[in-house]
Amino acid sequence: MKHLNTVITGTGSYIPTVVVKNSDFVNHTFFEKDHTAIDRPGEEVVSKFKDITGIAERRWIEKDLSNSDIAAHAAREAIKNAGIDPETIDQIILAHNFGDVIKDTIQTDILPCLAARVKHLLGIKNPACVAYDILFGCPGWVQGIIQADAYIKSGLAKRCLVIGSETLSRVVDNYDRDTMIFSDGAGAAIVEAREEDHKRGILSSATVTHAMDEAYYLYLGKSNAPESDPRIRYIKMHGRKIYEYSISNVPAAIKAALDKTDIPVEQVKKILIHQANEKMDEAIIKRFYKQFGLRQEVMDVMPMNIYELGNSSVATVPTLYDMVLKGNLPPHSIQTDDIIIFASVGAGMHINAVVYKQ
């Protein structure tokens, strides 16, 4: 019996070259949301931030680049890695949050959509290659993978390019400590239909949206600086609420995806989770295994690149996957037939997970 599998056949990523270390923020002036100054020593603020998030440094893009530029770079790598003709791509699905934002401005530019810009940059002439964006918060790339699978399983597409790309350094408030969380980057994957004798690739998925009070846990708001212009808005978040929401809801969403398969949790080799916060991600994975009555050494199954790369939103999962596949995050590796899980949580609030057999 032949199986119609949805398989990732190539990956690529763009890691910006500008390294911003925690020490670069020691002499920074930060304010609370109520505009009161944070008067603790800079070394203390930075040290506490590192303890909570695990982030030691982050990457911000070069001044002359934009989000669509780095998305196209990651896409070229994925196309080359898959060994395909880009003219044979049926869909370009690009997940982001803020479009292109020119350096030293704060205006989002999504006209035309970034996927169309990437198609242009790749030089793809085929009009049947449809290019469109997904606005789905940090889980955008994972949702793009889910969407590509749906199109492939329905017979409406055979080959998709799914990209997660973001330049959060262009929309941060320099007077807000949360600036230290956010970073830039891009990851891409070629997702293809394959008729094969055994089942592999995307095995199952699950997605949920909570949009009552949770809808505005991440939002655009004015600067924390006193006398700031309320017409100019930056990325803001309620960190404690996001933490509590995530550790309460993400484990169940991941379990829901795994429960759709007949795979025991013991066979899961890696969980590639959105790189949001080291402590939060550790708590999520521990609670995930606790649902099965198990205790798991988290670092054995959960590779992380947040320490050096920070939180690049939609780019964290695909860049993490690309790094592990290419041996750039030892000792972690992914082998043929390994069961892995992609999972993410972010603005919406959205949560999703994909169970994948390599």
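The values are calculated or read from the model by the stated rules, or taken from the named source; none is laboratory data. Since we're looking at a predicted model, the values are computed, not measured. Cβ: placed from backbone, ideal geometry, glycine included. Neighbour counts: every protein chain shown.
Worth pointing out:
- Residue in region 221-237 that is assigned by TED's automatic domain parsing to the domain that holds residue 76 and farther than 23 Å from residue 347 by Cβ present: no
- Among residues of region 72-91 that are aliphatic (A, V, I, L, M), those with a beta-carbon under 6 Å from a residue that is assigned to a helix (DSSP H, G or I) and surrounded by 23 or more Cβ atoms within 10 Å (Cβ to Cβ) at least six positions away or on a different chain give the pairs 72/118; 75/118.
Okay, residues lined up against (1) over 17 Å from the mean Cα position of the chain (by Cα); (2) of a type in the set (A, V, I, L, M); (3) not in a loop (DSSP other than H, G, I, E, B):
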| residue | (1), (2), (3) |
| --- | --- |
| 219 | yes, no, yes |
| 235 | no, yes, yes |
| 247 | yes, yes, yes |
| 258 | yes, yes, yes |
| 263 | yes, yes, no |
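- Screening residue 174 on (1) more than 29 Å from residue 271 (Cα to Cα); (2) modelled with pLDDT of 95 or more shows it passes everything except condition (2).
- Some residue of region 158-172 being crowded, with 17+ Cβ neighbours inside 10 Å, free of Cβ contacts under 8 Å to residues at least 60 places away in the same chain, acidic (Asp, Glu) and part of a strand (DSSP E or B): no
- Evaluated against (1) part of a helix (DSSP H, G or I); (2) surrounded by 14 or more Cβ atoms within 10 Å (Cβ to Cβ), residue 269 falls short on exactly one condition, (1).
- Residue in region 31-48 that is without any contact (Cβ under 8 Å) to a residue 24 or more places away in the chain and in contact with a strand residue (DSSP E or B) (Cβ under 7 Å, 6 or more places away or on another chain) present: yes
- Selection within region 82-93 - closer than 14 Å to residue 162 by Cβ and surrounded by fewer than 19 Cβ atoms within 10 Å (Cβ to Cβ): 84
- You will find that of 202, 232, the residue that is modelled with pLDDT of 95 or more and aliphatic (A, V, I, L, M) is 202 and no other.
- Failed item, numbered, when residue 289 is tested on (1) touching a Phe, Trp or Tyr at 6+ places or on another chain (Cβ under 7 Å); (2) surrounded by 20 or more Cβ atoms within 10 Å (Cβ to Cβ); (3) assigned to a helix (DSSP H, G or I): (1)
- All positions within region 105-157 that are among the β-branched types (Val, Ile, Thr) and assigned to a helix (DSSP H, G or I): 118, 142, 145, 146, 152
- Per-region count, region 253-307, residues over 30 Å from residue 179 (Cβ atoms) and in contact (Cβ under 8 Å) with a residue 60 or more places away in the chain: 10
- Against the test of being in contact with a Phe, Trp or Tyr (Cβ under 6 Å, 6 or more places away or on another chain), in contact (Cβ under 8 Å) with a residue 12 or more places away in the chain, surrounded by 14 or more Cβ atoms within 10 Å (Cβ to Cβ) and closer than 22 Å to residue 348 by Cα, the options 184, 176 yield a single qualifying residue, 184.
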